[in-house]
Amino acid sequence: MTPSPTLQALIDSVKADASSNEPLGQLSQASKTVSDLEQVGDALLGHFVDQCRRSGRSWSEISSALGVSKQAAHKRFTTDMPTFERFTERAQSVLIKSEIEAHRLGHGFVGTEHILLALFDIPEGLAMRVLDAVGISKPMVEEQVLELIKPASPSDGGRLPFTPRAKAVLGGSVDEALQLGHSYIGTEHLLLGLFADEDSIAAKVLLKLGVSHSMARDRTLEVLAGYGKN
């Protein structure tokens, strides 16, 4: 069995990567390291839960293996991707570009933060208008993301898995569209869906930049009042 990193190994890694020997600088680096580990761990569990589901294992069996309740396992790892018939071309482009963003940052998974960054790559999308209205730019978001997750060497190849939280964004976007009475899922619904899990990187970044779900929803309704279908 391959041993997991020891506490001392992680401490040494943090000290080596920290910008200075000052305690606050090392604490900041430790926070980034923990975020990295959480994201990779989330993607790791999601990968093996996917395998179990494809092999026909039940949620009862999966929850038992995880040591959590069936409800908790189902809520966190519901991995069925929604069908994309109702997603607009722009929304589908965001999902494609989110994988590009993950490769650019050298991450081996597509997380909520990559979906958020990809929204800026669709300038004609309604989500971009909302983000602009609340005064948020891509450089601002990327700076906050990189404070939480350490970048690695950019990668150009291979499909990347969506983390369970990223998949939850897609389900959340469908819910947002239904609540707004829309028959399609656009970039604005993806933006609102990023708040589905307040512990996700994207939600943390947006909240730190002063944008809440209610604010984003209010701005979305204002923009929708002036524009047609996204």
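Remark: the stretch 164-175, residue by residue, has Karplus-estimated 3J(HN,Hα) of x, 5, 5, 5, 5, 4, 5, x, x, 5, 5, 4 Hz, where x stands for each Gly or Pro and the curve is 6.51 cos²θ - 1.76 cosθ + 1.60 at θ = phi - 60°.
Potential lengthening of the chain between GLU198 and SER153 amounts to 13.4 nm, from the contour at 0.36 nm per residue minus the alpha-carbon distance. Close amide H pairs (under 5 Å, H built 1.01 Å from N) link ILE185 with PHE87, THR88, residues at least 5 positions away or on another chain.
Starting from the Kirkwood Rh over alpha-carbon pairs, what translational D in µm² s⁻¹ does the chain have by Stokes-Einstein at 25 °C and 0.890 mPa s? List each step's numbers first, then the result.
Values: Rh = 18.7 Å.
Estimated via Stokes-Einstein, D reaches 131 µm²/s.
Among the listed pairs LYS150/LYS208; LYS138/LYS167; LYS15/LYS150; LYS32/LYS70; LYS97/LYS138, those with a Cα-Cα distance over 20 Å are LYS138/LYS167; LYS32/LYS70.
Ordering of 183-192, 24-33, 136-145, 159-168 by packing is 183-192, 159-168, 136-145, 24-33, highest average first (other Cβ atoms within 10 Å, averaged per residue).
Can you tell me the FRET efficiency between SER19 and MET140 if r is taken as the Cβ-Cβ distance and R0 is 25 Å, rounded to the nearest 0.05?
Details: r = 20 Å, r/R0 = 0.82.
Taking R0 as 25 Å, the efficiency between SER19 and MET140 is 0.75.
Whole-Hz Karplus values for the stretch 126-138 come out as 5, 4, 5, 5, 5, 4, 5, 5, 8, x, 10, 10, 4 Hz, taken residue by residue from phi with 6.51 cos²θ - 1.76 cosθ + 1.60 and θ = phi - 60°; glycine and proline positions read x. The listed peptides 87-97, 124-134, ordered by packing as a protection proxy, come out as 124-134, 87-97 (highest mean of other Cβ atoms within 10 Å first).
For VAL110, nonlocal amide neighbours, meaning residues 5 or more places apart or on other chains whose placed amide H falls under 5 Å from its own, are PHE162, THR163.
Computed FRET efficiency, Cβ-Cβ of SER183 and SER214, R0 30 Å: what is it to the nearest 0.05? The partial results should precede the final answer.
On the way: r = 24 Å, r/R0 = 0.79.
Here the calculated transfer efficiency is 0.80.
With n ≥ 4 as the cut-off for DSSP H runs, can you work out [θ] at 222 nm for the chain, using -39500 (n - 2.57) per run divided by the number of residues, rounded to the nearest 500?
Working: 12 runs with 147 residues, N = 230.
Helices in the chain give a 222 nm mean residue ellipticity of -20000 deg cm²/dmol.
This model, with +1 at the C-beta of Lys and Arg and -1 at the C-beta of Asp and Glu, gives the chain a dipole about its Cα centre of some 500 debye.
Using r as the Cβ-Cβ distance of GLU38 and ILE96, and R0 as 45 Å, what FRET efficiency do you calculate, to the nearest 0.05? Walk me through the numbers on the way to the answer.
On the way: r = 25 Å, r/R0 = 0.56.
Once the sixth-power term is evaluated, E becomes 0.95.
Readers should treat all values here as calculations from the given coordinates under stated rules, not as data from a laboratory. Quick caveat: nothing in here was measured; it's all calculated off a predicted structure. Here the Cβ is made from the backbone with ideal geometry for all residues, glycine too, and neighbour counts use every protein chain on show.
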